[in-house]
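Comments concern the structure below.
Each reported figure results from applying straightforward, stated rules to the coordinates on display, with no laboratory input. Predicted, not measured: the structure shown is a model, and the values here were computed from it. Cβ placement follows ideal geometry from the backbone for every residue including glycine, while neighbour counts extend to all protein chains displayed.
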Amino acid sequence: MEKFSYKIINLQDLLTQVKELREKKYRLVSISCTQVEEKFELLYTFDLNLSLKHLKIIVAKDTPIPSLTCIYEGAFLLENEIQDQFGLSFAKLNIDYKGQLFYPEKNPLFLKNNK
Amino acid sequence: MKFIKRLLLTGIKKSPWLLHFDCGSCNGCDIETLAVLTPVYDAERFGVINVGNPKHADIFLVTGTVNRKNQEILNNLYLQIPEPKVILAVGTCALSGGIFAEAPNVIGGVDKIIPVDIYIPGCPPKPEAILEGVLKSVELLEDKVKNGKI
Amino acid sequence: MPKTIIPFGPQHPVLPEPLHFSLTVEDEIVQEAIPGFGYVHRGLEKLCEIKDIHKMIQVVERVCGICSKIHALCYCEGIEQMMGVEVPPRAKYLRTIWSELHRMHSHLLWLGLFADSFGFESLFYHFWRIREKILDINEKTAGNRIIVSVNILGGVKRDLSTEDQKWILAELKEIENKLEEVKDTLFKDYTISKRTKGKGILSAEEALYLGAVGPVLRASGVAQDCRQLQYAAFSELDFEPVIAQEGDSFARMQVRYFELFQSIDLIRQALSKIPEGPISVKVKGYPEGENVFRVEQPRGEVFYYFKANGSKFLDRLRIRTPTFANVPALAKMLTGIELADVPVVILSIDPCISCTER
């Protein structure tokens, strides 16, 4: 198995970089969100013929993140899950559950200070 | 009235119908419950049939933990089953929350929302244990008909 | 014709688990399908903050009861890779054997449920009777029928004796014969072809674009199987991904049916090559840094992301399960089909909601 390594990119470059990957026929595997103190790390994972490519962005809680749904339609579930669990917000989602995909009311349970 | 009661007693004893609801379980208990209904364990020899409509059911079999979204559905299904009914909680999660008791979205066992008559522990319980629980619930149903106001 | 919105689920006779779909229907044809979740969500990824890395194995086994062993395999191999632990070769082979047994039990379970979805009750019972043989093997060798807890960090807990190995081979022979018996029914029966051929078509390009994985992807003609990544003992075993070209429900059934024979073959190869030696090594210390790991489950690729800080608790564990990746593809398949075919097409991706929501 290959070694894990990622590239940190700026929030503004995200969509252009992902578009390039889409043109090279990469498949979107996952978006993993981690809370690091007050900031959030989002790890985007793509796959082409079983080799992985990772992109990482670091955002603050109130920054709206551009949604990937304009490039990969299926990203809406991954992004809605992050909206639910961490209370982040994605701009221009094609199907927006508004933080109620998993919970009956908006309540980001995965934040570190929230039980 | 006496005649209807006698009819109900025979019907319930010979063909207790079962409604199964997965309430947040890991699937382990669900597939064991289904295995009880298939040829090797064959609950159908006791007249037990798995139905999809709560209004046809006598036994309500619940697996898994209760969370904040499914509690309402669980309660709805419970209210839709006509009396007399018996509620069976299958698996450690349905009893107390089990390994997930501390997870953020878990409320706890099934008995926090609806009254439970029979508890079957195990992770997952063996099909023999589930079968025995179902048979026990038939006895309980009989009792409920005999002593009930129907 | 006005549009009607029909709720499908959460409690539905054909689904053993609660899944919800809002189907917008016009003249019996589904125009749009929007999934709804949350009925099985527990938030167990967050348990990694209060349960240590060894106890988390029991938790990840319960992400999904059907593929529990393979979840634990992925978790253990991921952490071992982070810590640089080298697992003994015998343990690698044992992990492979149990994970292939799990794949067989899952596929047989699915073939049964799929037959049930179009009302073929006797075929459903037939497959479940074959499946009981695998559960017997699980119970004899690992002590439990469904949740087979054999993995630990650094190896496995249980060994297979020579008698057990002989018995497994004999049972596999019998299972193979029984599967051959139903082959004609499965592929030539009029009802099955009528209900599954041409229903829920997904092209290869759409499958990749929507992120489909596992048998759904392979039934559209893409030969991608995570076992090719050579985790556990798969580097020393010989196999080719099973594929089909049509991309409909029938093709997905075909892929899973032939994967059963592939698994039987893999177990036989593994049992003939299994080396002697210890089955586990002691693991000292705690992991640090980040890692990802993926393995092939019965339903497709499962993706784990670990972030550790050197203490006995993980910082973050993220699990992207195969059904989660297949749901956007399912929503696509559902558009344009008749309402009566909805249960069959939903079942054709082998939905595991407990995996999806965790």
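Here is a yes/no grid of residues against (1) touching a strand residue (DSSP E or B) at 6+ places or on another chain (Cβ under 9 Å); (2) part of a loop (DSSP other than H, G, I, E, B); (3) under 30 Å from A:C33 (Cβ atoms):
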| site | (1), (2), (3) |
| --- | --- |
| C:P16 | yes, yes, no |
| C:I57 | yes, no, yes |
| C:G65 | no, yes, yes |
| C:M104 | no, no, no |
| C:H107 | no, no, no |
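Within the group A:E23, A:E38, which residue is among the acidic types (D, E), more than 11 Å from every other protein chain (Cβ to nearest Cβ) and free of Cβ contacts under 8 Å to residues at least 12 places away in the same chain?
Working: A:E38 fails: free of Cβ contacts under 8 Å to residues at least 12 places away in the same chain.
Answer to the selection: A:E23.
Which fully enclosed helices (runs of 4 or more DSSP H) of region B:23-142 have 3 or more residues being of a type outside the set (K, R) and in contact (Cβ under 8 Å) with a residue 40 or more places away in the chain?
Details: elements: B:28-37, B:71-80, B:92-96.
In region B:23-142, the matching helices (runs of 4 or more DSSP H) lie at B:28-37, B:71-80.
Does A:I31 satisfy the criteria of being crowded, with 19+ Cβ neighbours inside 10 Å, more than 9 Å from every other protein chain (Cβ to nearest Cβ) and either outside any helix (DSSP H, G or I) or touching a residue at least 12 places away in the same chain (Cβ under 8 Å) (or both)? Walk me through it before giving the result.
Values: crowded, with 19+ Cβ neighbours inside 10 Å: yes; more than 9 Å from every other protein chain (Cβ to nearest Cβ): no; either outside any helix (DSSP H, G or I) or touching a residue at least 12 places away in the same chain (Cβ under 8 Å) (or both): yes.
In short, no.
Taking region C:290-307, which residues are touching a residue at least 60 places away in the same chain (Cβ under 8 Å), part of a strand (DSSP E or B) and under 18 Å from the mean Cα position of the chain (by Cα)?
Once the filter is applied, which keeps residues that are touching a residue at least 60 places away in the same chain (Cβ under 8 Å), part of a strand (DSSP E or B) and under 18 Å from the mean Cα position of the chain (by Cα), region C:290-307 yields C:F293, C:R294, C:V295, C:E296, C:Q297, C:G300, C:E301, C:V302, C:Y304.
Kindly establish whether C:P10 is assigned to a loop (DSSP other than H, G, I, E, B), without any contact (Cβ under 8 Å) to a residue 40 or more places away in the chain and facing another protein chain (nearest Cβ under 7 Å). Quick ask: steps written out before the conclusion?
Values: assigned to a loop (DSSP other than H, G, I, E, B): yes; without any contact (Cβ under 8 Å) to a residue 40 or more places away in the chain: yes; facing another protein chain (nearest Cβ under 7 Å): yes.
Here the answer is yes, as C:P10 does meet what is asked.
Is at least one residue of region C:308-330 touching a residue at least 24 places away in the same chain (Cβ under 8 Å), more than 11 Å from every other protein chain (Cβ to nearest Cβ), charged (D, E, K, R) and out of contact with any Cys (no Cβ under 8 Å at 6 or more places or on another chain)?
yes
Kindly provide the set of residues from region C:28-42 that are surrounded by fewer than 21 Cβ atoms within 10 Å (Cβ to Cβ) and in a loop (DSSP other than H, G, I, E, B), ordered by number.
First, pick out the residues of region C:28-42 that are surrounded by fewer than 21 Cβ atoms within 10 Å (Cβ to Cβ): C:28-29, C:31-32, C:34, C:36.
Matches in region C:28-42: C:E28 only.
If you go through region B:2-16 one residue at a time, do you hit one that is surrounded by 22 or more Cβ atoms within 10 Å (Cβ to Cβ), closer than 29 Å to C:K46 by Cβ and more than 7 Å from every other protein chain (Cβ to nearest Cβ)?
Of all residues in region B:2-16, those surrounded by 22 or more Cβ atoms within 10 Å (Cβ to Cβ) come to B:16.
Next cut, closer than 29 Å to C:K46 by Cβ only: none.
Checking region B:2-16: not a single residue is surrounded by 22 or more Cβ atoms within 10 Å (Cβ to Cβ), closer than 29 Å to C:K46 by Cβ and more than 7 Å from every other protein chain (Cβ to nearest Cβ).
I'm checking my understanding of the structure. Among residues of region B:35-45 that are crowded, with 20+ Cβ neighbours inside 10 Å and within 8 Å of another protein chain (Cβ to nearest Cβ), which one is farthest from B:A94 (Cα to Cα)?
Initial filter on region B:35-45 (crowded, with 20+ Cβ neighbours inside 10 Å): B:35-38, B:43.
Cutting the leftovers down to within 8 Å of another protein chain (Cβ to nearest Cβ) gives us B:35, B:38.
Details: B:A35: 18, B:T38: 23 Å.
Among those residues, the one meeting the criterion is B:T38.
Taking region C:228-280, which residues are among the polar types (S, T, N, Q), over 30 Å from C:L347 (Cα atoms) and part of a helix (DSSP H, G or I)? Give the derivation first.
Looking only at region C:228-280, we keep the residues that are among the polar types (S, T, N, Q), and these are C:228, C:230, C:235, C:245, C:249, C:254, C:262-263, C:269, C:272, C:280.
Going one step further and asking which of them are over 30 Å from C:L347 (Cα atoms), we end up with C:235, C:269, C:272, C:280.
Residues satisfying the conditions are C:S235, C:Q269, C:S272.
Kindly indicate whether C:I137 is surrounded by fewer than 21 Cβ atoms within 10 Å (Cβ to Cβ), within 22 Å of the chain's Cα centre (by Cα) and of a type in the set (V, I, T).
Values: surrounded by fewer than 21 Cβ atoms within 10 Å (Cβ to Cβ): no; within 22 Å of the chain's Cα centre (by Cα): yes; of a type in the set (V, I, T): yes.
For C:I137, the condition - surrounded by fewer than 21 Cβ atoms within 10 Å (Cβ to Cβ), within 22 Å of the chain's Cα centre (by Cα) and of a type in the set (V, I, T) - is not met.
Taking the residues in region A:58-85 that are over 11 Å from the mean Cα position of the chain (by Cα) and within 14 Å of another protein chain (Cβ to nearest Cβ) as candidates, determine which candidate is nearest to C:F37 (Cα to Cα).
Looking at the filtered set, the residue picked out is A:D84.
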